[in-house]
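Remarks on the structure that follows.
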Amino acid sequence: MEWRPQSAVGYEAAYSEAQRWIEAVTKKKFGSSNFRSSLENGLLLCDLINKIRPGVVKKLNRLATPIAGLDNINLFLKACAKLGLKEAQLFHPGDLQDLSTRVTVKPQESSRRLKNVLITIFWLGRKAHADPFYNGPYLKLKSFEGLLGTALYKTS
């Protein structure tokens with residue numbers, strides 16, 4: 001598999017498509033124009049995976065605290081694993097944390113972390129395509145070529 005570094009411009013199509021798909025599946029709008037902050041509490045992600053496989057996440061933490069968000073993100077990632085995603089296809093729970101107030105974090109670190117989130121959404125979208133019981137909106141996988149490179153995109 002080939003992994004080519006891509007510019008941030010190549011990621012724009014993936015960000016837009018990921019947001020479009022999540023909103024179409026959940027029938028809920030992102031709470032902000034910021035991709036990371038819209039997903040950081042994990043509620044939208046848990047709703048997404050419950051639409052793909054109803055009941056896979058049973059109980060959400062609706063408290064407005066960072067720990068609650070981390071709990072929900074962990075529930076989402078465990079549900080992704082139950083659906084068959086491999087550990088290498090899952091982002092780290094900390095990848096959705098707000099790093100803007102940390103002076104030691106470089107902008108490329110935030111970008112790398114969000115790229116990891118997009119990669120998980122890509123693989124979840126592929127899994128939904130292959131699920132015979134899922135009949136909701138599909139993720140346009142081609143939008144992720146700029147993020148993943150064509151060789152990785154074409155592998156099963």
_Condition first: surrounded by fewer than 17 Cβ atoms within 10 Å (Cβ to Cβ), touching a residue at least 12 places away in the same chain (Cβ under 8 Å) and closer than 18 Å to F35 by Cα. Can you find one or more residues in the range 124-140 that meet it?_
yes
*asked:* For A24, only one of the following conditions fails: (1) without any contact (Cβ under 8 Å) to a residue 40 or more places away in the chain; (2) out of contact with any helix residue (DSSP H, G or I) (no Cβ under 6 Å at 6 or more places or on another chain); (3) farther than 16 Å from Y11 by Cβ; (4) hydrophobic (A, V, I, L, M, F, W, C). What is its number?
replied: (1)
_Residue that is most open to solvent (accessible area, probe 1.4 Å) [pool: residues in the range 20-56 that are among the small types (G, A, S) and part of a loop (DSSP other than H, G, I, E, B)]_ = S33
*Please enumerate the residues belonging to the range 80-94 that are part of a helix (DSSP H, G or I) and touching a Leu at 6+ places or on another chain (Cβ under 9 Å).*
C80, A81, Q89, P93, G94
_Considering residues of the range 57-76 that are in contact (Cβ under 8 Å) with a residue 24 or more places away in the chain, farther than 19 Å from A24 by Cα and of a type in the set (A, V, I, L, M, F, W, C) only, the residue surrounded by the most Cβ atoms within 10 Å (Cβ to Cβ)_ = I73
*Given (1) at pLDDT below 90; (2) closer than 16 Å to R36 by Cα, index of the condition H92 fails*: (1)
*Hey, any hits in the range 53-68 for a residue that's modelled with pLDDT of 95 or more and touching a Ser or Thr at 6+ places or on another chain (Cβ under 9 Å)?*
no
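The values are calculated or read from the model by the stated rules, or taken from the named source; none is laboratory data. Keep in mind that this is a model prediction, so the values were computed, not measured. Virtual Cβ from ideal backbone geometry, glycine too; neighbours counted across all protein chains shown. Note: areas computed on protein heavy atoms with side chains; ligands, DNA, RNA excluded. Shrake-Rupley method; radii C 1.70, N 1.55, O 1.52, S 1.80 Å.
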